[in-house]
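Before any comments, here is the structure.
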Amino acid sequence: MEEVPHAIEEIKEKMKTVKHKILVLSGKGGVGKSTFSAHLAHGLAEDENTQVALLDIDICGPSIPKIMGLEGEQFLEDNLGVMSVGFLLSSPDDAVIWRGPKKNGMIKQFLRDVDWGEVDYLIVDTPPGTSDEHLSVVQYLAAARIDGAVIITTPQEVSLQDVRKEISFCRKVRLPVLGVVENMSGFVCPNCKKESQIFPPTTGGAEVMCQDLQIPLLGRVPLDPHIGKSCDKGQSFMIDAPDSPATLAYRSIIQSKCVCESCEFTWRRGQKVI
């Protein structure tokens with residue numbers, strides 16, 4: 001048991017060169033969490049003076065290498081580095097069948113042994129739910145101060161009920177919630193520009209939930225079939241479709257709220273962070 005406090009101190013020392021640490025969480029899989037993580041990293045890295053690192057700790061389902069267009073390489077651009085267990089597999093189709101302790105050890109290695117260098121933002125893409133990976137990353141970063149978590153959801157209640165569990169988890173481990181992003185929030189027809197609700201918000205969607213729980217709603221990202229195509233090609237959707245309503249929503253969240261305002265707001269409030 002003495003190994004954990006020792007590892008926490010080692011990681012604290014390694015993280016001194018990382019200014020901001022943001023976890024991206026979701027209650028369910030398939031809501032667009034990894035897509036958001038990738039585009040958050042892309043958006044921040046558009047400023048050449050901003051150093052960004054993207055860490056994929058979805059040990060059993062690492063999708064970041066595919067979304068980022070990387071095959072065995074950890075750096076996409078000079079100011080954007082990526083690390084994932086996917087880089088360690090002999091084939092993208094290989095299954096990772098690990099119990100909790102081995103996952104825990106891999107996350108510890110990622111945080112302690114990777115040469116992150118001087119980084120402005122470390123974005124951590126987590127698996128869905130609240131399991132070993134989440135507990136490990138929160139524990140190991142305990143002394144390094146996490147800015148907070150961004151939680152991704154879709155509008156329907158079946159997704160929101162798991163987001164409430166995610167928020168409860170964050171509060172129990174004293175992890176600040178920077179806010180919620182409602183993904184797949186309607187579909188804007190590219191021809192008539194009319195919006196349709198593909199996933200109807202039967203209980204009011206993320207907006208009502210955020211009001212009830214006093215959590216910021218960072219924004220809504222509409223459905224766009226080009227997002228999936230860009231991810232499959234390993235390209236930034238925001239560059240491929242700069243005028244898409246989804247791109248505009250991403251940029252609004254990334255530039256104005258998710259990072260620039262929410263992180264600073266957390267620090268100004270003097271909120272206790274891990």
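The values are calculated or read from the model by the stated rules, or taken from the named source; none is laboratory data. Keep in mind that what you see is a predicted model, and the values were worked out from it rather than measured. For neighbour counting, all protein chains shown are included, and Cβ atoms are generated from backbone atoms with ideal geometry for every residue, glycine included. Keep in mind that these areas ignore ligands, DNA and RNA; they rest on the heavy atoms of the full protein, side chains included. Shrake-Rupley method; radii C 1.70, N 1.55, O 1.52, S 1.80 Å.
Choose one of HIS226, HIS20, THR203: the residue whose Cα lies farthest towards the positive end of the charge dipole of the chain (beta-carbon charges +1 Lys, Arg; -1 Asp, Glu; about the Cα centre). Result: THR203.
Taking the accessible area of the chain, probe 1.4 Å, and keeping the other protein chains in place, the carbon and sulfur fraction comes to 50%. Charge dipole of the chain (Cα centre as origin; +1 on each Lys and Arg Cβ, -1 on each Asp and Glu Cβ, all else neutral): 1000 debye, rounded to the nearest 20.
Remark: the chain carries 47 Å² of accessible area per residue (probe radius 1.4 Å; ligands, DNA and RNA excluded). May I ask which of LYS66/LYS102; LYS33/LYS165; LYS16/LYS66; LYS28/LYS233 have a Cα-Cα span longer than 19 Å here? Correct reply: LYS66/LYS102; LYS16/LYS66; LYS28/LYS233.
The Cα atoms of region 1-120 give a gyration tensor whose axes a ≥ b ≥ c have a/c of 1.5 or more with a/b no greater than b/c, which makes the shape oblate. Label-to-label distance, LYS229 versus CYS60, with points set 7 angstrom from Cα along the beta-carbon direction: 3.4 nm.
Remark: spin-label model distance GLU13-ASP113 equals 1.7 nm, labels positioned 7 Å along the Cα→Cβ axis. Structural descriptor for region 127-264: relative contact order 23 percent, calculated from alpha carbon pairs under 8 angstrom and at least 6 residues apart.
When only Cα pairs under 8 Å and 6 or more residues apart are kept, what is the percent relative contact order across region 2-255?
Taking the mean separation of contacting Cα pairs over the length of region 2-255, I get 26 percent.
Take the alpha carbon gyration tensor of region 1-58, find the square roots of its eigenvalues, order them as a ≥ b ≥ c, and report rounded if a/c is under 1.5; if not, report prolate when a/b exceeds b/c, else oblate. The shape class here is oblate. For the chain, the 222 nm mean residue ellipticity estimated from helices alone, with every DSSP H stretch of n ≥ 4 adding -39500 (n - 2.57) and the total spread over all residues, rounds to -11000 deg cm²/dmol. When a/c reaches 1.5 or more, the comparison of a/b and b/c decides; with that in mind, is region 81-123 rounded, prolate or oblate per its Cα gyration tensor? Here region 81-123 falls in the oblate category.
Bridgeable aspartates and glutamates around LYS193 (alpha carbons under 15 Å apart, same-chain partners fewer than 8 residues away excluded): ASP224, ASP243.
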